[in-house]
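> What follows is a structure written as structure tokens; I'll ask about it next.
The values are calculated or read from the model by the stated rules, or taken from the named source; none is laboratory data. This one's a predicted model, so the numbers in the text were calculated from it and none came from an experiment. Note that we place each Cβ from the backbone using ideal geometry, even for glycine, and neighbour counts take in every protein chain shown. Surface accessibility is based on the protein's heavy atoms, side chains included, excluding ligands, DNA and RNA. Shrake-Rupley method; radii C 1.70, N 1.55, O 1.52, S 1.80 Å.
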Amino acid sequence: MTDAREPLLREIQILDEYGQRRTLHIPAERPLTVFVDKRELVTLMTLGAAPEMLVLGYLRNQRLVQDLADIDSITVDWEVGAAAVKTRRGVADLEARTARRVVTTGCGQGTVFGDLMDQVDGLTLPPPDQARIRQGTLQRLLEAMRQQDSIHRKAGSVHGCALFQGEQMQVFIEDVGRHNAIDTIAGWMWLHGVGGADKTFYTTGRLTSEMVMKAAHMGVPIVVSRNGVTQMGHDLATRLGMTLFGRAANKHFLCYCGFERFDSEPLPEPAAVRVVAGRE
């Protein structure tokens, strides 16, 4: 068994509410495709802290391997993003019991079929001159979310997502997982013939690659999160020309990418606190 650890953080440049660019660390999310006896099984989205243990636990929890002794080796190679599992006697009916898919970071709630990732290059979002957001609009959007009556405020343990046109909320959904919530909003848009080009999507959950991809498939070019952004979420949004805001609450936010869609209206920086030593 290898011990193929990878860095858990990545350093990027961000733009804050004061119009200042600075360095920030984000989680280094990455895909790990698992092969069992040379057959592709699944792609897991992971930080990569202990990939061999992740693969082992997945095989056990999916009841694909009943006994630890049935596994001959687990080899992880981050250069190709793959984990090769070799068993001693093979896995009976592996193809029938599994299908190629991406298991997301969504607390076990979300599954995104791997083929959707292949469609990213075919997605086109409106250009920055047709879809943008002002800092004042963003702040009013955040204020609307702050005042929104919610299950989370009463009981916790849920994620909330909302779709905005400008500062006007179109629909708000809560669910046990952020993937369920965004999928419900996508269904609402589809049912009502609502396009995403002039919309902003808000979520309480972190912006991983699959959340960014789903927003892109909805045609939404601007995404706001109360939480943070992972490396793959950042990379995918940059590739798509999408604007991502994270750590957004009250008047505070971090614009992670897509600055060209954002009309910054910097707040005055707070005055420095001067500490005067007491005299004896």
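> To the nearest 0.05, what FRET efficiency results for residue 67 and residue 8 with a Förster distance of 41 Å applied to their C-beta separation? Let's see the in-between values first.
Working: r = 31 Å, r/R0 = 0.77.
So, using R0 = 41 Å, E works out to roughly 0.85.
> Could you tell me which residue out of 55, 75, 223 lies farthest along the dipole of the chain toward its positive end? Charges go on the beta carbon: Lys and Arg +1, Asp and Glu -1, centred on the Cα centre.
The residue sitting most towards the positive pole is 223.
> Still on this structure, I have one more. Quick check: net charge around residue 249, other residues with Cβ under 15 Å of its Cβ, Lys/Arg +1 and Asp/Glu -1? Spell out each step's value before the answer.
On the way: positive: 140, 146, 153, 206, 226, 247, 251; negative: 16, 17, 143.
Result for the local shell: +4.
> Run through every distinct alpha carbon pair of segment 193-256 and return the Kirkwood hydrodynamic radius in angstroms, one decimal place. Don't jump to the answer; show the numbers that get you there.
Details: mean 1/r = 0.0877 Å⁻¹.
That comes to 11.4 Å for segment 193-256.
> Right, next: With labels modelled as points extended 7 Å from the Cα through the Cβ direction, what inter-label distance (nm, one decimal) is found for residue 37 paired with residue 192?
5.1 nm
> Could I ask something else about it? Compute a Gaussian network model of the chain, connecting alpha carbons closer than 10 Å, and tell me which residue from 32, 68, 125 fluctuates the most.
68
> Report the accessible area of residue 45, computed with a 1.4 Å probe over the heavy atoms of all protein chains in place, in Å² rounded to the nearest 10.
So the heavy atoms of residue 45 present about 20 Å² to solvent.
> Give the peptides 190-196, 85-91 in descending order of average Cβ contacts within 10 Å, highest first. Mind showing how you got there, number by number?
Numbers: 190-196: 12.1, 85-91: 15.1.
Packing proxy ranking, top to bottom: 85-91, 190-196.
> From the protein chains alone at 1.4 Å, what is the descending order of accessible area for 16, 235, largest first? Before the final figure, lay out the partial values.
Numbers: 16 10, 235 60 Å².
Result of the area sort, largest leading: 235, 16.
> Let's test the formula: R0 of 30 Å, r as the Cβ-Cβ distance of residue 95 and residue 120. What FRET efficiency results, to the nearest 0.05?
Working: r = 27 Å, r/R0 = 0.89.
Efficiency computed from Cβ-Cβ geometry: 0.65.
> Also: Would you work out if segment 139-192 is rounded, prolate or oblate? Take a ≥ b ≥ c from the square roots of the eigenvalues of the alpha-carbon gyration tensor; rounded if a/c is under 1.5, else prolate when a/b is larger than b/c, oblate otherwise.
Values: a/c = 2.45, a/b = 1.04, b/c = 2.35.
It is oblate, given that a/c is not under 1.5 and a/b is not larger than b/c.
> Quick one: dipole size for the chain, taken about the Cα centre, charges +1 on Lys/Arg Cβ and -1 on Asp/Glu Cβ, in debye to the nearest 20. Before the final figure, lay out each step's value.
Working: 32 positive and 34 negative charges, 117 e Å.
My answer is approximately 560 debye.
> Here is a follow-up. Which entry in [x] 20.4; [y] 16.3; [z] 19.5 matches mean projected area of the Cα convex hull in nm² derived from the coordinates of this structure?
Here mean projected area of the Cα convex hull in nm² agrees with entry [x].
> Against the longest principal axis of the chain, how steep is helix 231-240, in degrees 0 to 90 to the nearest 10, with axes from Cα atoms?
Long axis of 231-240 versus the principal axis of the chain: about 70 degrees.
> Under the Kirkwood approximation for Rh and a Cα-based Rg, what ratio Rg/Rh is obtained for segment 127-246? Don't skip to the answer; put the middle values down first.
On the way: Rg = 13.2 Å, Rh = 14.2 Å.
In segment 127-246, Rg relative to Rh is 0.93.
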